[in-house]
Each structure stands twice: as structure tokens, then as C-alpha cells.
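Participant: Have a look at this one.
Rule-based calculations on the coordinates, nothing more; no lab input. Just so you know, these numbers come straight off a predicted model, no measurement behind them. For neighbour counting, all protein chains shown are included, and Cβ atoms are generated from backbone atoms with ideal geometry for every residue, glycine included.
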Amino acid sequence: MQKSETGNRMNPYQPIPARILKTFDETPNIRTFVLKPEQEVEFLAGQFIELTVPGFGEAPFTPSSSHFKRDKLEMTIMKVGRATSALFSLKEGDMLGIRGPYGKRYPLEKFEGKEIFIVGGGVGLAPLRALFLALTHEVEKYKKIFLRYGARTPNDIVYKSLIPEWRNLKRVDIDLSVDVGDESWKGKVGVVTVLLEKIPCDAKNSVAVVCGPPIMMKFVTIGLLEAGFPGDAVYLSMETNMSCGLGQCGHCRLGPYFTCKDGPVLTWEQVKDIENPFV
Amino acid sequence: MEPRFLPSTKRDNWLGQLAREYTLFFPARVEKKVHWHRLEAEDLESGDSGPEWGLCCIRASEPIKSFLFSPREQVASFPDRLEPEEPEKRILFGVKDCDLLGLKVHEKMFLEGDFKDPFYEARLKNTILIAADCPDPEDSCFCNLVGRKPYATEGADIVLSVLDNGYLLEPLTEQGEELVRLGGDAFQPGTEAQIARRDEQRKAAVEKLEKTNPKPWNPEVAKAMEDRTKDQAFWRKHAATCVECFGCLMSCPTCFCFLLYAKAKEAKVERTRIWDACYLAAYARVGGGANPRAEFLKRFINRFQCKFMHFKNQHGFYACSGCGRCFKVCMGKIDIRKVLGEL
């Protein structure tokens, strides 16, 4: 948590400044921002931060860089609404505000010795990248890491330049799909669930991690459960209106949880009794 | 700590001492309602009696949360920093137990989680609470149904009972004891007869409440509510007259939801917090436009589940104080007792 400069009382609403060092476009509407916060942000994969966009306001995002390298913070963001449009108008060298991190981290100690099956859809690969980098940083702790990723078209794939490097990492197995292919596309074609047709791990003793649009989350979860993944080993990034980040304002209520405090990653076991958790 | 007696004739002298050191608010009777009013030491000195005191009335129209959890305040700015200022020292004189329960809920939310709210914490630290018994509960009161009493035994610095010719005060904290000490000789040790009279009044108030609300709720309300989650007919029946004005939520002493919004001026951002209402259509809507509670019925159920299921399961008590404000202000006359009574 950020420390106040004035006395003992800490103001959790007060952002710290962060400079935009670099930006690069992943796709026509997805951009990665490399930020240099004034103080180190001690985030762990799974947690999120609140970004203050000068001249606009605040919105929650999940870092996509490794929590083992905290001097810089990378965020891969899709332009979807007013906050992200304001963010996309910023240039390298501009200042942003950051507060956080908030929420719970992935319980990596529970992943140790297991096969980990990660499924991402669209820009949902961004928060999963933070997890993937944390896992591959200490890859000997895990049995194998499977990364499955689906995008709408080959043009919509994020981290295109990084994926070939990731394929060469030991104990890593990567497969991609697109909803609609083109002449250059040699991989699978179909919605992301085509990547679940052959699950190469021992589902009952493995961990699955999912992040993507709600409809994709819903069908991937169904597929994973059918394949035998235990409900308490299916980790889902839940999308709710996280506003304060402190577990206080109430907006992100999801059944008994405040996702900003208890999530944003919750297991299927935690959300299974909530009516239509993927909205 | 031992109860002390303050004769009516010496009250104003003591109040004057308090009002010179603190900003003091008391419940004033205005027409048929009670509102919080600021006591000016000068007025007391000049013999201006001001509005009639309503210490024996039920709670004021406004919940005391307004004093601690401000309806609107700036909480951050960027790139300049904003830190909480030292709030003024206040006394709330004559708080009812139902409002104290509201503070207990807010303490759970704002002070006991992973993050402390520095604005709330500073105000609470600088606020002295003098509770007053509620000798004459009205038909809208139902604190007995949520397991509370019409008098405080904790959560205040002093508990005060109005007797025929004075006040019996029982300090609960060192700060409360200090205030009584300020009054010096004006205070006498409370006698057994005075304590017995207080207990009699309290007993009568409890009996009146039990007469008004004779049937206790299902002791497993949280469970019953969970089982009813999908019973659309039940909820539809109770929500039928709701006009979504959210007066119930704004007048509720326990509601804690707030909205953070930004006022952006060129490159600057001022972040302000205002009370919010979970009945609002856009309350849970996310950036991309999806809304998990787009239908009003879901928001209606969510309000009840928040207070009687989730909060109870997590903290062991209801986020409802039985103050009755929610249906006193309700244009659709939705009586929370009726909803809970049918579970």
C-alpha cells in the first residue's frame, strides 16, 4: 500500500505519478503502455491497479508484466470506452496516476508441482501474461505450462512478437486459434473452445486459469469442468465494476464477494452458486 | 463506570462548557420531526433557548452517518496530492442506539478491512458520542427484531437517560468520564432509586416495541433469503410499488455504498466521493457496457441480500438497525418488516 508523505495517516485514494516510457500497438485497438512509477508498485500476478488518466478520471487495469521485474509496469489495454479513449490519446513521456495494487494474487503455492492450463481470449491474454511470466520465471516449480489463446483474427492476436520466444521456453506448450483465419494463418480456426478439444494434461490433478470476454469465460469454464478440472482449481478473472479497489464502495459486488477485494480472480467453486456470474 | 446524576437546573451550564470546547449537535424538535441542530455556546449564555430538545424522541430524520461519512467530499487529487485534514472536534449529544449500529457497520467496512479510510477514521476519532435512551419508540421502530435494544450499552462515550428532574449519565469510556468531570460539582453520584427508575423506563420501552413487533423474524433469515434468491414471485410482490427513488438507501444509517467520480480540469483530476445507491440502474455496469443487475428486481434482491445475508454471514449481525427510516420515507410504502417477516 502506498505510504502517505504527511504523517501516519495513509490516503488510499491518492495516486502516485507514473511516466509513460513507451507505447506500442499490439493490434489496431489494443496498445501496451510501459510505465515507470515514481515508487515501486508491489503487485503480484492476479492483482490489479487503478490508473488515473489526467483530464479524465480513473479505471481499473491489470498489469501484464512480470511481478519479478517491478521497476517498470506494462499494461496492455483495449480501447473500448471513454477512459481507454482518453488513455490512448496520451503519448510517451506523459504522466499518469497509479494506486494499488488491489485484490488477491494467484495462489501460486497451490500451482506447484502441477500442470497449469491457461486459456485466454482477446485482450484477456494481458493479465494472463503477468501470470505466465511469473510461472516461467520459476518454471522448475511447475510440471508444465499450457497456454491456449484465441483471438478473432490473426490481426487481433496480442504479443505477436513475444509468442515465438515463449514457444521456445522449457516446459511450455502453446497453441493458438482464431475465429476467422486468413491466407497466412496456419493454426486452428474456430472459437476458443476448439483449443479445449484435446486437453493434454491430467485435468483432475491440474489447475486451469481463464481470462477473456464473459461469453468465452462461460463456455471455456463449461469445457474445463467437463474435461475433469476440479471447480476449486479453475481460476476465473471476473469482470465487475471495480471502482474503489478497497472493498468498500460496493459497486463490484458479485454474490457475497467484492471482486476488488476477494478477487478479481475467483475459482469456479466460489462463483458457481451465483446466478449468471458471467455477464 | 458509575452512573452520575445531573439535575435539570444545571444542564445548560454543563452544555455551555461543552459547546465552548467542541462543536455540539443535539436532536431538535422541529414541527413533528427531529433534526440535528448545532448548539451555540453564545445562545445559551444569552438565554436563547433555541429549538426544543428532542432527547426523548426517536432518532432524528437524518442518520448520524452524515457526520462521519460525508455525503460529498474530495478524497484525492492528481498530480497535486491531497491528504486528510484534521477534522473539528464534535459532540453528538443524544444519539440513539439504532444510529450507533450504523456506525458499527461502517467501522467494519471502513476501518477493519485491508484498507482504512483515513477520512472516516479521523472524524470518528474527533467525535464524542453521547447516546440517549429511546423511552418512547414509535410504530415505525423495530430494533427489537434485529436484536437491539431501545438504549445503548456500548459504542458510545456516555449513555444518558432522561429522568423526571434531571439526567442519569453513565460514562462508558475515559473520554466520556472526562466530559463528566468537566461538569464538576454539577454531577452527583446516581442513586439506586434513579437507576431503578431508568431501568423501569427501559423495560417499558422494550415492552412497547415487543407489542408493536410481536413476531420475531425467522432466526435463519440469511439462509431463508438465500433459498428465496430465485423466487421471483416473492420479490416481485414486495418490489411492486417501488418507484426507485432510493430514499430508503439515502436515509439508511447502515448503507455504505459510494461513488467515486472525477472532476477533470485540463491535466488535473479531482477525485470526489459521494453516497451512492445500489438501486440505480448503472450502479454495477462495467466499462464495456455489460450490467449484471440491469433489471430492477435483481437490484431489489441485492439490497436485501447485502443487509441480511452477506453482511450477516460475514460479520455476524444484520446491516439493519431497525430505525424504520426506510419505510417512513418510502413512497411505495414498502415495509422492510413485512418482507423479512415472510421469510
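Participant: Roughly how large, in nm² to one decimal, is the mean projection of the convex hull of the alpha-carbon atoms in the protein assembly as shown?
Facilitator: 31.0 nm²
Participant: Let me ask something else. Stretch B:CYS56-B:GLU86 to full length: gain in nm at 0.36 nm per residue minus the Cα-Cα span?
Facilitator: 7.5 nm
Participant: While we're here: For segment A:16-102, what does the relative contact order come out to in percent, with C-alpha contacts under 8 Å and a separation of six or more?
Facilitator: Answer for segment A:16-102 is 41 percent.
Participant: Where the only charges are on Cβ atoms (+1 Lys, Arg; -1 Asp, Glu), what is the dipole of the protein assembly as shown about its Cα centre, to the nearest 20 debye?
Facilitator: Here the protein assembly as shown has a charge dipole of around 1760 debye.
Participant: For chain B, just give the cysteines left without a disulfide-compatible partner, judged by no other Cys Cβ under 4.7 Å.
Facilitator: For chain B, the answer is B:CYS56, B:CYS57, B:CYS134, B:CYS141, B:CYS143, B:CYS242, B:CYS245, B:CYS257, B:CYS278, B:CYS306, B:CYS320, B:CYS330, because their Cβ atoms have no other cysteine Cβ under 4.7 Å.
Participant: Under the Karplus relation 6.51 cos²θ - 1.76 cosθ + 1.60, θ = phi - 60°, what is the ordered set of whole-Hz ³J(HN,Hα) values for segment B:123-129, x standing for Gly and Pro?
Facilitator: Ordered by residue, 3J(HN,Hα) equals 5, 4, 4, 8, 10, 9, 10 Hz.
Participant: Moving on. Per residue of B:266-275, count partner chain C-beta atoms within 10 Å of its C-beta, then hand back the mean as an integer.
Facilitator: Across B:266-275, the average partner-chain Cβ count within 10 Å equals 3.
Participant: Would you please report the Å³ per residue occupied by the convex hull of the alpha carbon atoms in segment B:221-341?
Facilitator: Given the Cα convex hull of segment B:221-341, per-residue volume reads 132 Å³.
Participant: Would you please give the residues with an amide H less than 5 Å from that of A:ILE118, counting only those at least 5 places away or on a separate chain, with H modeled from the backbone geometry?
Facilitator: Close amide H contacts, sequence-distant or interchain: A:PHE146, A:LEU147, A:ARG148, A:VAL209.
Participant: Can you tell me the dipole magnitude for segment B:221-341 around its Cα centre, using point charges on the Cβ only (Lys, Arg +1; Asp, Glu -1), in Debye to the nearest 20?
Facilitator: In total the dipole reaches around 120 debye.
Participant: Determine, from the Cβ-Cβ distance of A:LYS186 and A:ASP25 and an R0 of 22 Å, the FRET efficiency 1/(1 + (r/R0)^6), rounded to the nearest 0.05.
Facilitator: With R0 = 22 Å, the Cβ-Cβ based efficiency is 0.40.
Participant: If you take the charge dipole of chain B about its Cα centre, with +1 on Lys and Arg Cβ and -1 on Asp and Glu Cβ, which of B:VAL329, B:ASN165, B:LEU280 is farthest toward its positive end?
Facilitator: Value: B:LEU280.
Participant: Here's a follow-up. Could you give the size of the charge dipole of segment B:4-211 about its Cα centre, using +1 on the Cβ of each K and R and -1 on the Cβ of each D and E, expressed in debye and rounded to the nearest 20?
Facilitator: In total the dipole reaches around 520 debye.
Participant: Of the listed pairs A:LYS261/B:LYS96; A:LYS110/B:LYS104; A:LYS188/A:LYS261; A:LYS104/A:LYS186; A:LYS272/B:LYS230; A:LYS69/A:LYS141, which have alpha-carbon separations greater than 26 Å here?
Facilitator: From the list (A:LYS261/B:LYS96; A:LYS110/B:LYS104; A:LYS188/A:LYS261; A:LYS104/A:LYS186; A:LYS272/B:LYS230; A:LYS69/A:LYS141), the Cα-Cα distance tops 26 Å for A:LYS261/B:LYS96; A:LYS110/B:LYS104; A:LYS188/A:LYS261; A:LYS104/A:LYS186.
Participant: Follow-up. What translational D, rounded to a whole number of µm²/s, comes out for segment B:208-262 from Stokes-Einstein when the hydrodynamic radius is the Kirkwood one over Cα pairs, at 37 °C and 0.692 mPa s?
Facilitator: It diffuses with D of about 222 µm²/s by this estimate.
Participant: Please check chain B for the longest run free of trypsin sites (Lys or Arg not before Pro) that are loop-located per DSSP (anything but H, G, I, E, B) and have at most 13 other Cβ atoms within 10 Å.
Facilitator: The segment B:90-229 is the longest one with no such site.
Participant: Next question, about the same structure. So the label point goes 7 Å from the Cα of B:ILE195 along Cα→C-beta, right? Which residues of segment B:149-181 then have their backbone N under 18 Å from it?
Facilitator: Inside the label zone: B:152-154, B:158-164, B:167-173, B:177.
Participant: Would you tally the net charge around B:PHE327, using a Cβ to Cβ cut-off of less than 11 Å, leaving B:PHE327 out, and scoring K and R as +1, D and E as -1?
Facilitator: +3
Participant: Can you give me the relative contact order of segment A:62-218 as a percent, contacts being Cα pairs under 8 Å and 6 or more apart?
Facilitator: Once normalised by length, the contact order is 26 percent.
Participant: First check a/c for segment A:108-237, with a ≥ b ≥ c the square roots of the eigenvalues of its C-alpha gyration tensor; if it is under 1.5, answer rounded, and if not, answer prolate when a/b is larger than b/c or oblate otherwise.
Facilitator: Taking the square roots of the gyration eigenvalues as a ≥ b ≥ c, segment A:108-237 is oblate.
Participant: Another one. Residue separation times 0.36 nm, minus the C-alpha to C-alpha distance between B:LYS223 and B:VAL243: what's the value?
Facilitator: Gain on stretching B:LYS223 to B:VAL243: 4.4 nm.
Participant: Non-local amide H neighbours of B:TRP53 (under 5 Å, H modeled in plane, Pro and chain starts lacking H): which ones?
Facilitator: Under 5 Å from the amide H of B:TRP53 lie the amide H atoms of B:ARG29, each far enough along the sequence or on another chain.
Participant: Could I ask something else about it? Within a 10 angstrom radius of each residue's Cβ in A:248-261, how many Cβ atoms of other chains show up on average? Whole number is fine.
Facilitator: For peptide A:248-261, the averaged partner shielding equals 6.
Participant: Tell me the mean residue ellipticity at 222 nm calculated for the protein assembly as shown from its helices only (DSSP H runs of n ≥ 4, each -39500 (n - 2.57), averaged over every residue, nearest 500).
Facilitator: That comes out to -7000 deg cm²/dmol.
Participant: With labels modelled as points extended 7 Å from the Cα through the Cβ direction, what inter-label distance (nm, one decimal) is found for B:ALA267 paired with B:ASN165?
Facilitator: It is 7.3 nm.
Participant: State, in angstrom, two size descriptors of chain A derived from its alpha carbons: Rg to one decimal place and Dmax to the nearest whole number.
Facilitator: 18.3, 62
Participant: Could you compute the net charge surrounding B:GLN201? Neighbours are other residues with a C-beta less than 13 Å from the C-beta of B:GLN201; K and R count +1, D and E count -1.
Facilitator: 0
Participant: Between A:THR27 and residues 5 or more places away or on another chain, which pairs have amide H atoms under 5 Å apart, with H built 1.01 Å from N, and which residues are they?
Facilitator: Amide H neighbours of A:THR27: none.
Participant: Rg (Å, one decimal) plus Dmax (Å, integer) for the alpha carbons of segment B:4-211?
Facilitator: 17.8, 63
Participant: Can you give the relative contact order of chain B as a percent, counting alpha carbon pairs under 8 Å and 6+ residues apart?
Facilitator: 21 percent
Participant: Per residue of B:309-322, count partner chain C-beta atoms within 10 Å of its C-beta, then hand back the mean as an integer.
Facilitator: 1
Participant: So if R0 is 35 Å, what FRET efficiency would B:ASP48 and B:THR212 give, r being the distance between their Cβ atoms, rounded to the nearest 0.05?
Facilitator: 0.40
Participant: Using all alpha carbons of segment A:16-102, what is the percent of pairwise distances in each 5 Å bin, ordered from the shortest bin to the longest?
Facilitator: Spelled out per bin, shortest first, that is 3, 16, 29, 30, 17, 6, 0.
Participant: Could I ask something else about it? For segment B:324-341, just list the computed ³J(HN,Hα) in residue order, Karplus coefficients 6.51, -1.76 and 1.60, θ = phi - 60°, integers in Hz, with x standing in for Gly and Pro.
Facilitator: Running phi through 6.51 cos²θ - 1.76 cosθ + 1.60 with θ = phi - 60° gives x, 4, 4, 9, 5, 8, 6, 6, x, 6, 7, 9, 4, 5, 5, 4, 5, x Hz.
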